[in-house]
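In what follows, a structure is listed as structure tokens, so that the remarks can point back to it.
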Amino acid sequence: MSDHSETTIRVRYAETDQMGVVYYGNYFTWFEVGRVELCRKLGFEYKRMETEDDSYIVVAEASCRYKRPARFDDLLTIRTRVIETQRRTVRFGYEILNDGETIATGETLHVICDHNGRPKSLPEKYKKYFLSFDTPHGVAHGHHSD
């Protein structure tokens, strides 16, 4: 298995501004599309994680760097991967490509929470999915978010 998933989307007219350029907030929606597809590729459905395990992946931080504009009808590739996994957090990285050229990059940091919004540890059965993309020893380096 590769270290990322790829999803293709076509820019809709409604996603552009008066200048015909994709509105900046849409990139975060595309990041979500990529995240959900990555979970599927890893072998589980995010919705089942919520309903069966009372575990929600709540966005705590989000960033995007825009390099080139996307426009109506462009066919884009969303490349998504897990960058870091901690006991209660998962960090995803994104790359948006247009015809093979990177037009935007971004990251989101998520805290695992229960339905009341209280942080909790990532359930054991999901660790194998997220750690498979992590550092060689299965533990991310750096500071702990929990």
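Taking K and R as +1 and D and E as -1, what net charge do the other residues with C-beta under 14 Å from the C-beta of residue 12 add up to?
Cβ neighbours under 14 Å give a net charge of -2.
Quick one: if the Förster radius is 22 Å, what FRET efficiency do residue 118 and residue 59 give, using the C-beta to C-beta distance and rounding to 0.05?
Computed FRET efficiency for residue 118 and residue 59: 0.90.
Take the chain, mark every one of the trypsin sites (Lys or Arg not before Pro) that falls in a DSSP loop and has at most 14 other Cβ within 10 Å, then report the longest stretch left between them, sites excluded.
Looking at the chain, 88-146 is the longest stretch - no exposed trypsin sites (Lys or Arg not before Pro) with at most 14 other Cβ atoms within 10 Å.
Please report, in Å, the Rg and the Dmax of the stretch 5-47, where both are computed over Cα atoms only.
Calculated on Cα positions, Rg and Dmax stand at 12.7, 40 Å.
Would you list which aspartates and glutamates come within 14 Å of residue 120, measuring only between C-alpha atoms, while excluding same-chain residues fewer than 8 positions from it?
50, 53, 54, 146
What is the extension gain from residue 28 to residue 67, computed as 0.36 nm multiplied by their sequence separation minus the C-alpha to C-alpha distance, in nm to one decimal?
Extra length available between residue 28 and residue 67 comes to 12.5 nm.
From largest to smallest, what semi-axes in whole angstrom does the stretch 5-131 give when each is the square root of 5 times an eigenvalue of its alpha carbon gyration tensor? Intermediate results must be reported in sequence, preceding the final value.
Values: eigenvalues 167, 39, 33 Å².
Gyration-tensor ellipsoid for the stretch 5-131: 29, 14, 13 Å.
Suppose each label sits 7 Å from its Cα in the direction of the beta carbon; what would the residue 10-residue 48 distance come out to in nanometres?
3.1
So which of 47/67; 67/127; 41/67; 41/128 end up more than 24 Å apart by C-alpha?
Checking Cα-Cα distances, 47/67; 67/127; 41/67 exceed 24 Å.
Quickly estimate the mean residue ellipticity at 222 nm for the chain, helices only: each DSSP H run with n ≥ 4 gives -39500 (n - 2.57), and the total goes over all residues, rounded to 500.
The per-residue figure over the chain is -7000 deg cm²/dmol.
Would the stretch 75-131 count as rounded, prolate or oblate if I go by the C-alpha gyration tensor, calling it rounded below 1.5 in a/c and otherwise prolate when a/b exceeds b/c, oblate otherwise?
prolate
Each reported figure results from applying straightforward, stated rules to the coordinates on display, with no laboratory input. Bear in mind that the values here come from a model prediction, so they are computed numbers and not experimental data. Glycine gets a Cβ as well: all are built from the backbone with ideal geometry, and neighbour counts include every protein chain shown.
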